[in-house]
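Below is one structure, written out as structure tokens; the observations come after it.
The values are calculated or read from the model by the stated rules, or taken from the named source; none is laboratory data. Quick caveat: nothing in here was measured; it's all calculated off a predicted structure. Note that each Cβ is placed from the backbone with ideal geometry, even for glycine, and that neighbours are counted across all protein chains shown. Accessible surface is based on the protein model in full, side chains and every heavy atom, while ligands, DNA and RNA are left aside. Shrake-Rupley method; radii C 1.70, N 1.55, O 1.52, S 1.80 Å.
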Amino acid sequence: MGIKDSMTSFMVKEIADYLAKDPEKNADRLFGIARKLTKNQQHLAQMDAVQEAISKDGNWKDYYHRIMRELDPKVRNTFIINYFVKSCLLGVPKEKEMAEKLGVDVPWAILIDPTDRCNLRCTGCWAGEYTKKNDLSDELLDRVVGEARDLGIYAIVLSGGEPMTRQNTIFKLARKYNDMIFLAFTNGTLITEETVKNMQEVANFTVAISLEGLEDSTDKRRGEGTFAKVMQAMDMLKEAGIPFGVSTCYTRYNVEEVGSEEYIQTLIDKGAYFNWYFTYVPVGKDADLSLMATPEQREYMYHRVNKLRASKDLFLIDFWNDGGYSNGCIAGGRRYLHINAAGEVEPCAFIHYAVDNIKEKSLEECLKSDLMRAYQKRQPFNENLLLPCPLIDNPHKLVEIVEESGAHFTQTNADGLHELAKRLTPYSEEWFSRAEKLLGKEKETVKQTEN
């Protein structure tokens, strides 16, 4: 860490402590400092929007107060410095600089599977099709994280398998790369008091705990007793002042439940700070399309999430329905890519194709692969950003990408891409019709607002 970065971190820490004493009166000072750290017009516009939101009585003001008053001070300050300052204000400009140098996008985050082993076997989980014998070595993980930071990437996301089976490795990385932010998607059942103590100590590591809804729905898909273990883990994290969130997969069978007021309020009461919605995505030759939320249900979630955002002090993202906020698909190295437990570098956790292995090439070389170039040159995959995905929304696009790049299938079963694309076509066509109507309503709302 250079002298300038150290001074910035010290200054932000002092201001964060100052903010916590009176979050309402002292916020202007933090935003004033933040504006001096960036010339990025998009960041400045986002700061204006956030400052306006937390200055008014309502859910976002309540959310901001929760962050400043309920989190462990060391953890709170570290996340402000590593996430907002390092990863966003300082990291993004460096990523763009490196992208111009390399001739391809440099992502904001890297998603890595330290292992494909898991202590659960959840219905419909694509990870279940892997061999469950792969682990990325500590040395390899250390190299990849170091190469990421050199490129301006300060966010490392961990998945699997169950990443918390590798806790010693994860916390070792978090301690060494203490100016970065680490997040693990976890089933939550392996979070112990020792885990929480380690999270307090490193202060730059958090989790997104998977849920399928309330107790019956979660236990039905993940196994009896899972929900109770997750609730216990959440209680420990809340008591320790650790920021954490939830990863919710919505399927044909739980849409109304996970979009309900009761579900969201349960997450807030348990201490969660964000909820990331993922629609169930079928992967592989024998993918089960019957678990997919129908186009009608997906539209229901579009309306529900926007309504909940306006009223609940919980940060909500619906990855497949929020394409308008992200300018379509964020994968393929544009904002993130995926490295599986065998080392194969995939565009996305749900796009199981690769041409490179991180064991054989550097991260920079993998970013410049034919697969990532083929992916990026087609983004966004549809002019209507409510159809962001090259798999479930535009399946013919994924066929083009794979054929152009010569990518191979990374799962253990036989490659059935053309058959899967054919099976997904009726879904994509129906969602296209609904998305076009939703886009028209969005444009009409904007016109009315401007007038």
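Of everything in the range 26-72 that's free of Cβ contacts under 8 Å to residues at least 24 places away in the same chain and of a type in the set (S, T, N, Q), which residue is farthest from PRO243 (Cα to Cα)? Only one residue fits best here, namely GLN41.
If you go through the range 303-321 and pick out every residue that is within 27 Å of ILE67 (Cβ to Cβ), in a helix (DSSP H, G or I) and out of contact with any Asp or Glu (no Cβ under 6 Å at 6 or more places or on another chain), you end up with 5.
Of all residues in the range 300-321, those that are open to solvent by 20 Å² or more (accessible area, probe 1.4 Å) and more than 27 Å from GLU419 (Cβ to Cβ) total 13.
Considering the conditions (1) within 26 Å of ARG373 (Cβ to Cβ); (2) touching a residue at least 40 places away in the same chain (Cβ under 8 Å), LEU314 is excluded by exactly one of them, (1).
Considering the range 261-299, and only residues there that are of a type in the set (Ser, Thr, Tyr) and surrounded by fewer than 16 Cβ atoms within 10 Å (Cβ to Cβ), the residue that is modelled with the highest pLDDT turns out to be THR294. Scanning the range 44-66 for residues that are among the β-branched types (Val, Ile, Thr) and over 22 Å from the mean Cα position of the chain (by Cα) yields a single hit, ILE54. Tell me which residues, restricted to the range 409-432, are of a type outside the set (A, V, I, L, M) and open to solvent by less than 60 Å² (accessible area, probe 1.4 Å). Those that are of a type outside the set (A, V, I, L, M) and open to solvent by less than 60 Å² (accessible area, probe 1.4 Å): PHE409, THR410, GLN411, ASN413, GLY416, THR425, TYR427, SER428, TRP431. Screening the range 1-98 for helices (runs of 4 or more DSSP H) wholly inside it with 1 or more residues that are at pLDDT 75 or above and closer than 22 Å to LYS176 by Cβ returns the ranges 73-79. The helices (runs of 4 or more DSSP H) found wholly in the range 161-261 and carrying at least 2 residues that are out of contact with any strand residue (DSSP E or B) (no Cβ under 7 Å at 6 or more places or on another chain) and not acidic (Asp, Glu) occupy 167-176, 193-202, 215-222, 226-240. Could you tell me how many of the residues in the range 232-271 are over 30 Å from ILE392 (Cα atoms) and either in contact with a Lys or Arg (Cβ under 7 Å, 6 or more places away or on another chain) or charged (D, E, K, R) (or both)? Adding up the residues that qualify gives 8. When the range 354-408 is limited to residues that are open to solvent by 10 Å² or more (accessible area, probe 1.4 Å) and touching a strand residue (DSSP E or B) at 6+ places or on another chain (Cβ under 6 Å), the one that is farthest from GLU429 (Cα to Cα) turns out to be ASN357.
Only residues that are open to solvent by 10 Å² or more (accessible area, probe 1.4 Å), without any contact (Cβ under 8 Å) to a residue 60 or more places away in the chain and under 23 Å from PHE319 (Cβ atoms) were counted in the range 228-253, giving 3. For the range 180-205, what are the residues that are under 19 Å from the mean Cα position of the chain (by Cα) and either without any contact (Cβ under 8 Å) to a residue 12 or more places away in the chain or open to solvent by 10 Å² or more (accessible area, probe 1.4 Å) (or both)? Across the range 180-205, the qualifying residues are ILE181, LEU183, PHE185. Could you go through the range 304-315 and let me know if any residue there is at pLDDT 95 or above and in contact with a Gly (Cβ under 6 Å, 6 or more places away or on another chain). Yes - at least one qualifying residue is present in the range 304-315. For the range 131-144, check the following and say yes or no: at least one residue is open to solvent by less than 10 Å² (accessible area, probe 1.4 Å) and either among the hydroxyl-bearing types (Ser, Thr, Tyr) or touching a residue at least 60 places away in the same chain (Cβ under 8 Å) (or both). Within the range 131-144, one or more residues are open to solvent by less than 10 Å² (accessible area, probe 1.4 Å) and either among the hydroxyl-bearing types (Ser, Thr, Tyr) or touching a residue at least 60 places away in the same chain (Cβ under 8 Å) (or both). Need pairs with beta-carbon distance below 8 Å; first residue in contact (Cβ under 8 Å) with a residue 40 or more places away in the chain and over 22 Å from LEU417 (Cα atoms) and within the range 334-361, second buried (at least 22 other Cβ atoms within 10 Å of the Cβ) and of a type in the set (Ser, Thr, Tyr); sequence gap 6+ or separate chains. These pairs meet every condition: ARG334/TYR375.
Return a yes/no flag: does the range 270-293 have any residue that is assigned to a helix (DSSP H, G or I), basic (Lys, Arg) and at negative phi. There is at least one residue in the range 270-293 that is assigned to a helix (DSSP H, G or I), basic (Lys, Arg) and at negative phi.
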